[in-house]
1. Going by average Cβ density within 10 Å per residue, which order do the peptides 35-46, 87-98 take, highest to lowest?
2. Taking segment 101-142 on its own, what percent of its Cα-Cα pair distances exceed 15 Å?
3. Please report Rg over Rh for segment 4-68, where both radii come from the alpha carbon positions and Rh follows the Kirkwood definition.
4. Return R14, R31 ranked ascending by Cβ neighbour count within 10 Å, so the fewest neighbours appear first.
5. HN-Hα J couplings of segment 28-45 from phi, Karplus 6.51/-1.76/1.60, θ = phi - 60°, integer Hz, Gly and Pro as x?
6. Calculate, for V107 and D133, the FRET efficiency according to 1/(1 + (r/R0)^6) with r their C-beta to C-beta distance and R0 35 Å; round to the nearest 0.05.
Amino acid sequence: MHDERFDSLSERQRLYLRLVFTHHNSSEIGRQTGSSPDAVDKQLKIAMRRLGVSSRFEAARQFAAYESGVQPSDPPATGPSLPPVRSLPLPVPTKANPANTLSWRQVLIWGLVIGLLGPALITLAAAALEAADHVLGGAGHP
């Protein structure tokens, strides 16, 4: 299994990523490899950029998975499934549901929906008709 991102890493970067994966910080890595902590940080930043990640730990995790032969998993094609939405049955008889089986909560919800949206929609329709009449130069205007 070859991946250009990982193949482009230097041996030093690979060594640093292995040590990061085992929870070593830059000072510890520098002492073990004879490098300065700043040089370790610089090489890890280059490796992070090549791998397209924003943290050294993610770079180390991906590199460890690559070395162990684990195939990276593709993100799921769809997001997590949402809980099912409970639909509100219509307040009128239908072929599928000819009898009134609404609970008191459903009746209350439909009452609020009809009581609030009904007048608002009638007002909106009247305003649209008035605007159309005004634009078209209706007979009711001087």
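Each value in this text was obtained by applying a stated rule to the coordinates, not by laboratory testing. Owing to the predicted nature of the structure, the values given are computational and were not obtained by experimental measurement. No Cβ is skipped: glycine too gets one built from the backbone with ideal geometry, and neighbour counts run over all protein chains shown.
1. Those peptides, ordered most packed to least, come out 35-46, 87-98.
2. 60
3. For segment 4-68, the value is 0.92.
4. In increasing order of surrounding Cβ atoms, one gets R31, R14.
5. So the J values, rounded to whole Hz, are 5, 5, x, 5, 5, 10, x, 10, 7, x, 5, 5, 4, 4, 4, 5, 5, 5.
6. 0.35
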